[in-house]
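Here is the structure we will look at, set down as structure tokens.
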Amino acid sequence: LQQLCSAALENQATQIHASKEPNVPANKLNDTTEEPQEVKEHLQDVAVGNIMERIKMAEKKEKQSNGADRARCKWKSETNEKLDEKKEAAMLEPGNQLIPAPLSHIPLKSLLDIETKLVYIDEEEISFEFAEAAVPAGHRSAHRGCATAATSTPSVPRVDKQLRVALQDASARYRQKNYAVAAAQFATALELCSKGAATGKPFDSSPEDISSIASFIETKLVTCYLKLGKPDLALNHSHRSIFLNPAYFRNHLRQAAVFRCLERYSEAARSAMIADYMYWLTGGTEQHISKLIKLYWQAMIEEAITREESFSVMYTPFVTKVKVDKTDKMKETFAKKHPDYVEHIYTDPHGLHILPQTTEWSSPPPQQYLLTLGFRNKHIGKILEKLSSRKLPIFSDRKAPFSPITKEEARRHWETVGKKIVPVMDFIRSTKLTDNFCACSYVIEKLHYASILGRLQRVTEQSQVINQAMAELASIPYLQDISQQDAELLQSLMADAMDTLEGRRSDKERVWNKIEKIGIIEDFLYQVEDSYLKNKRLRAARREKTKMKRLQNTQQH
């Protein structure tokens, strides 16, 4: 696995610059256990170093790479725009085989079986995911770069003797189903790791080795807390395991399991989608594993749709750019299928979505879909449509960007954003691997939400959301090619997120708050422009009306 991830990184870096029930809100989470502050700071600093190093390595390799090689490896995010109109029309026909069939219920037992096979698997050996590995001659094309299958096993540093004993004792307690004691011992092992007892030769160890070991321990804590029936305590550990080692697919799948237990099904679906992609990207070839992950992903989408009361959705196969008349046709079709959700209907204009039923990473590109959403509440629908049209997501409806937000404004904003907007945004992301506008859009959404929680002094929830955003940031370079501008934004978001999480530079304005101000100012300018044009048209209409009236009076005389 070390070779797989290392080779995947090296190759895909060609263009990288770096029954209905309401949804369960975030405030049901209660994270009461945290590692000591110095442990978190040390491991986070190591992980950030890994991510920044990968981005720099990608920048260097891009300059050296040949354009033709990039074209061979890069998966186009759009389909061939030269397809004719007849084919596009055919794709919109109800009988088309690419239109997903209605979701069939996947039993809970099937999900638990998948988790037993893929989430709770007992991995005794620690995989050094980031260690340098020789790249074999054979390559396979990836849709966002190239993934490589490694065949030789490189030498890796051994785990420190004291740490290995602690891990073995904790694992023994885990196998005895004494999960509480196992969790405590794994936490002790994590502290040892942070103090330099990670490998047998601490002065010769790379940050990547330490990250890999720490991520392994974090995943063990996740499984312990899940076995104890405490997914709220497992949540931050699942985020940190990804932050430390984003290339390992099981880390994402464990995060999905935590979200499922918390009944946050849209987020669980996104985690499962990323897990399936990572499995393929890092050279996974066992079809039955990919099928199980896809089944889990599909089940989470099904559960999210079934439990949601405020909106409904429809997926339409995408071939080429959809014109206005086609969008209108999709709205009509949606209204017929979902008559209870017609207060506001819109089609996500910039997001191409994928579904587990028709996604096959080894045959790029997967079938893509347009997502149409309908709402019971017209106001919420309009807000979501406005957000979808922006390059960067701005939740705020503040009118004074340079005035500090009051607690009452934050509370009112949380009632709208936290309870009504964020669940819809999470669902949209559950079938959307990448963002065509800005690679960091999803992270910015989460960090805006974290700022609201911080203003309301909901510290535990704020910590969870920031950790989730950092896990997503660490994964972005694996999911898509990023520009120099995106790479710089990623680094700035990572630095400010860590500072916020650790309480540093609290007086400094965060990147996402600056983006919010720019968005508010842009909105104001657009409103002024619209008002000016509207008044101009009204004045022209009045002049025309006065002119016609004078002409009529002249004719009468």
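The values are calculated or read from the model by the stated rules, or taken from the named source; none is laboratory data. A quick note: this is a predicted structure, and the numbers were derived from the prediction, not measured. Heads up, the Cβs are rebuilt from the backbone with ideal geometry, glycines too, and the neighbour counts pull from every protein chain shown. Side chains included, ligands, DNA and RNA excluded: accessible areas come from the protein's heavy atoms. Shrake-Rupley method; radii C 1.70, N 1.55, O 1.52, S 1.80 Å.
Scanning the stretch 260-276 for residues that are surrounded by fewer than 24 Cβ atoms within 10 Å (Cβ to Cβ) and in a helix (DSSP H, G or I) yields CYS261, GLU267.
As a summary of the residue check, ALA214 satisfies the conditions (1) surrounded by fewer than 18 Cβ atoms within 10 Å (Cβ to Cβ); (2) within 25 Å of the chain's Cα centre (by Cα); (3) modelled with pLDDT under 90 except for the one numbered (1). Against the conditions (1) farther than 25 Å from PHE318 by Cβ; (2) surrounded by 23 or more Cβ atoms within 10 Å (Cβ to Cβ); (3) hydroxyl-bearing (Ser, Thr, Tyr), where does THR416 fall short? Just the number, please. Status for THR416: all satisfied but (2). Taking (1) of a type outside the set (D, E, K, R); (2) open to solvent by 10 Å² or more (accessible area, probe 1.4 Å); (3) more than 22 Å from TYR442 (Cβ to Cβ) in turn, MET330 satisfies each apart from (2). In the set (1) small (Gly, Ala, Ser); (2) in a strand (DSSP E or B); (3) surrounded by fewer than 17 Cβ atoms within 10 Å (Cβ to Cβ), the condition left unmet by SER312 is number (3). Just to be sure, is SER238 open to solvent by less than 20 Å² (accessible area, probe 1.4 Å), at pLDDT below 95 and part of a helix (DSSP H, G or I)? So SER238 fails the test. Listed conditions (1) among the hydroxyl-bearing types (Ser, Thr, Tyr); (2) at pLDDT 95 or above; (3) assigned to a loop (DSSP other than H, G, I, E, B) are all met by THR285, apart from (2).
Residue-by-condition table, conditions (1) surrounded by fewer than 22 Cβ atoms within 10 Å (Cβ to Cβ); (2) at pLDDT below 90; (3) assigned to a helix (DSSP H, G or I):
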position	(1), (2), (3)
ARG398	yes, yes, no
MET425	yes, no, yes
ALA439	no, yes, no
VAL443	no, yes, yes
ILE452	no, yes, yes
ILE466	no, no, yes
MET470	no, no, yes
GLN485	yes, yes, yes
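Within the stretch 248-256, one or more residues are out of contact with any Phe, Trp or Tyr (no Cβ under 8 Å at 6 or more places or on another chain), modelled with pLDDT under 95, open to solvent by 20 Å² or more (accessible area, probe 1.4 Å) and outside any helix (DSSP H, G or I). The set of residues in the stretch 349-386 that are under 23 Å from ASP328 (Cβ atoms), buried (at least 19 other Cβ atoms within 10 Å of the Cβ) and either at pLDDT below 85 or out of contact with any strand residue (DSSP E or B) (no Cβ under 8 Å at 6 or more places or on another chain) (or both) comprises GLY351, LEU352, ILE383. Taking residues in the stretch 169-184 that are assigned to a helix (DSSP H, G or I), and partners anywhere that are open to solvent by less than 40 Å² (accessible area, probe 1.4 Å) and basic (Lys, Arg), the pairs with Cβ atoms closer than 9 Å and at least 6 places apart or on different chains are ALA170/LYS220; SER171/LYS220; TYR174/LYS220; ALA182/LYS220; ALA183/LYS220.
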